[in-house]
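J.: One structure follows; several queries about it will come next.
Values in this text are rule-based calculations from the coordinates and carry no lab data. These numbers come from a predicted model, not from an experiment. For neighbour counting, all protein chains shown are included, and Cβ atoms are generated from backbone atoms with ideal geometry for every residue, glycine included.
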Amino acid sequence: MIKNFAVFLLLLFVAAIFSALLVSYEPDTWLNLTALYYAERTAVDLGSANIVTAIVVTYRGLDTLGEVTVLFLSASIVGLVLARGKKQEHQQRNLAPAGELLVTGSRLLTPLIMLLGVYVFVNGHLTPGGGFQGGAIIASGVLLLLLTDPLKHFSHRLISALESIAGIFYVAIGVAGLVFAGGFLDNRILPIGELGALFSAGAIPLIYSLIGLKVGAEFSSILADLSATEEL
Amino acid sequence: MAYLVMATGFILILIGFYGALTNRNLLRMIVAFTIANTGVHLVIVAIGYMHGRTAPIIDSAVAASDAVLRIIDPVPQALVLTAIVIGVGVTALMLAYAYKLYESKRTLDIGKFTELKW
């Protein structure tokens, strides 16, 4: 009872702070200095139609490298924590077979979902979307496969090889930017091209595709680890 | 519009806090944290919203020359993109730890884990 009262008091306090923030909030009518710079210079300097992509991949590219590293860390910790719970190879769980609707549906949908994922990250510099979104879509295709057949074995070697190669090339492109262009992860090592074309914006589509593969592999390995753990 | 989304975000954060503080079940706490996480995303996106402007993508509708006058702030969107991805990683970690805790005590009740209690 006392504990619930303390929780209630704490929530009331937080709610008071939030309502004060909400009341005092005034929407901007003009872009602030940082946003103004990005809005003015992105199309001219980097040739990327999607300004959010330009910020994520180039202006704040180092942060994105860190973010991908954090994701990699969390995927490997999930693998490490769950490693002892893995079921044995020969041990068979008796599962009810997946319904025909799910099996046929996943056969039809999985290639299309993968294709959509690739489309989303290849077009990350033109349309809403990008490597993280595309990678998540690819992992959702893997999730559909796992729902159809929970005993399906994914090659961890393949997933981790894909992930490491994407990571190495990502860093290599960053270093190439340091050598051939303005700085680490500068996208102007390749020609900028025409605004709005598929092959434009320098190295941005390349970097975002690598991020897409890496994120897709990381999410898939998390899903495979979670699915491969023994039922208690 | 921005106020509506921001208020929804704050309410979601409060719901998440309430759920995390009152529920005894680990899985319910994880769900509550995810709800609070979503609320934070909504608040950050709402801060970047500006009335009468459009998405920060330059195409036939928004020319590069008048982008400054037509687009909303792209920085919060880039931040939320990062936050969503990290949120997924954190949720996966919480689920893995919940599995481990269940394995050790065969229960998901947080009240049964008294090793660190004082």
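J.: What is the magnitude of the charge dipole of the range A:86-232 about its Cα centre, with +1 placed on the Cβ of each Lys and Arg, -1 on the Cβ of each Asp and Glu, and no other charges, expressed in debye to the nearest 20? Display every interim value, and only then the final one.
T.: Working: 8 positive and 10 negative charges, 23 e Å.
Here the size comes out at about 120 debye.
J.: Relative contact order for chain A using alpha-carbon pairs under 8 Å, separation at least 6, rounded to a whole percent? Provide the component values of the computation, followed by the final result.
T.: Working: 284 pairs, mean separation 63.2, N = 232.
Reported relative contact order: 27 percent.
J.: If you place +1 on the Cβ of every Lys and Arg and -1 on the Cβ of every Asp and Glu, how big does the dipole about the Cα centre of the protein assembly as shown come out, in debye to the nearest 20? Before the final figure, lay out the partial values.
T.: Details: 21 positive and 22 negative charges, 234 e Å.
The dipole magnitude comes to about 1120 debye.
J.: What does the C-alpha gyration tensor say about the overall shape of the range A:167-232? Classify as rounded when a/c is under 1.5, otherwise prolate if a/b is larger than b/c, or oblate.
T.: oblate
J.: How many percent of all Cα-Cα pairs in the range B:1-60 sit more than 13 Å apart?
T.: Working: 1110 of 1770 pairs.
It works out to 63 percent of all Cα pairs.
J.: By how many nm would the segment from A:R41 to A:I165 grow when fully extended, if each residue of separation counts as 0.36 nm and the alpha-carbon distance is taken off?
T.: Full extension of this stretch gives 41.4 nm more.
J.: Could you calculate the FRET efficiency of B:I84 with A:A96 from 1/(1 + (r/R0)^6), where r is the beta carbon distance between them and R0 is 30 Å, rounded to 0.05? Write out the running numbers ahead of the final one.
T.: Details: r = 34 Å, r/R0 = 1.14.
It comes to 0.30.
J.: Using 14 Å as the cut-off for backbone N distance, which residues of the range B:9-30 belong to the label zone defined by a point 7 Å from the Cα of B:K112 along Cα→Cβ?
T.: Label zone hits: B:24-27.
J.: Might you report the magnitude of the Cβ-based charge dipole of the range B:16-118 about its Cα centre, with Lys and Arg at +1 and Asp and Glu at -1, to the nearest 20 debye? Please report the intermediate quantities before stating the final value.
T.: Numbers: 9 positive and 6 negative charges, 120 e Å.
Rounded to the nearest 20 debye, it is 580 debye.
J.: Take the alpha carbon gyration tensor of the range A:110-184, find the square roots of its eigenvalues, order them as a ≥ b ≥ c, and report rounded if a/c is under 1.5; if not, report prolate when a/b exceeds b/c, else oblate.
T.: Details: a/c = 4.39, a/b = 1.67, b/c = 2.63.
Note, shape of the range A:110-184 comes out oblate.
J.: Of the candidates A:F180, A:F13, A:F72, which one comes out as most mobile in a Gaussian network treatment of chain A with C-alpha springs shorter than 10 Å?
T.: A:F13
J.: Lysine pairs in the protein assembly as shown with Cα distance under 25 Å, only those 8 or more apart or on different chains: how many are there?
T.: Lysine pairs meeting the criterion: 15.
J.: Let me ask something else. May I ask which residue of B:M50, B:L81, B:T91 lies farthest towards the positive end of the charge dipole of chain B, with charges of +1 (Lys, Arg) and -1 (Asp, Glu) on Cβ and the Cα centre as origin?
T.: The Cα lying farthest towards the positive end belongs to B:T91.
J.: Pick out which of A:S155, A:S200, A:S76 has the largest mean-square fluctuation in a Gaussian network model of chain A, springs linking Cα atoms closer than 10 Å.
T.: Top of the fluctuation ranking is A:S155.
J.: Could you compute the net charge surrounding A:G47? Neighbours are other residues with a C-beta less than 13 Å from the C-beta of A:G47; K and R count +1, D and E count -1. Mind dumping the intermediate values first?
T.: Details: positive: A:R41, A:R188; negative: A:D45, A:D186, A:E194.
Net charge around A:G47: -1.
J.: Helix hunt in chain A: which complete DSSP H runs extend at least 15 Å axially by C-alpha with mean Kyte-Doolittle at least -1.0? Working shown, then result.
T.: On the way: long enough: A:2-24 (33 Å, 2.34); A:61-82 (32 Å, 1.70); A:100-122 (33 Å, 1.68); A:131-148 (26 Å, 1.78); A:156-180 (35 Å, 1.58); A:204-228 (35 Å, 1.26).
What comes out of the filter, once short or polar helices are dropped, is A:2-24, A:61-82, A:100-122, A:131-148, A:156-180, A:204-228.
J.: Going by Cα centres, the range A:13-69 and the range B:31-81 are how many Å apart?
T.: Between the Cα centre of the range A:13-69 and that of the range B:31-81, the gap is 8 Å.
J.: Counting pairs of alpha carbon atoms under 8 Å apart in space and at least six apart in sequence, what relative contact order in percent does the range A:152-232 give? Mind dumping the intermediate values first?
T.: Values: 79 pairs, mean separation 24.6, N = 81.
Contact order relative to length: 30 percent.
J.: Ok, one more. Looking at the square roots a ≥ b ≥ c of the eigenvalues of the Cα gyration tensor of the protein assembly as shown, which shape do they give, rounded for a/c under 1.5, prolate if a/b is larger than b/c, or oblate? Mind showing how you got there, number by number?
T.: Values: a/c = 2.09, a/b = 1.21, b/c = 1.73.
It comes out oblate by the Cα gyration axes.
J.: Hey, what did chain B get for relative contact order, percent, Cα under 8 Å, at least 6 apart?
T.: Values: 120 pairs, mean separation 31.7, N = 118.
This gives 27 percent for chain B.
J.: Tally Lys/Arg at +1 and Asp/Glu at -1 over every other residue whose Cβ is under 15 Å from the Cβ of B:Y3; what's the total? Walk me through the intermediate numbers first.
T.: Details: positive: none; negative: A:E26, A:D28.
Neighbour charge sum, excluding B:Y3 itself: -2.
J.: Here's a follow-up. Averaged across B:102-110, how many Cβ atoms of other chains sit within 10 Å of each residue's Cβ atom?
T.: 1
J.: Another one. Once the Cβ-Cβ distance between A:N32 and A:F199 is put in as r, and R0 is 45 Å, what FRET efficiency do you end up with, to the nearest 0.05? Write out the running numbers ahead of the final one.
T.: On the way: r = 33 Å, r/R0 = 0.73.
Result of the calculation: an efficiency of 0.85.
J.: Among A:L190, A:L158, A:V175, whose Cα projects farthest towards the positive end of the dipole of the range A:128-215, with charges put on the beta-carbon of Lys, Arg (+1) and Asp, Glu (-1)?
T.: A:L158
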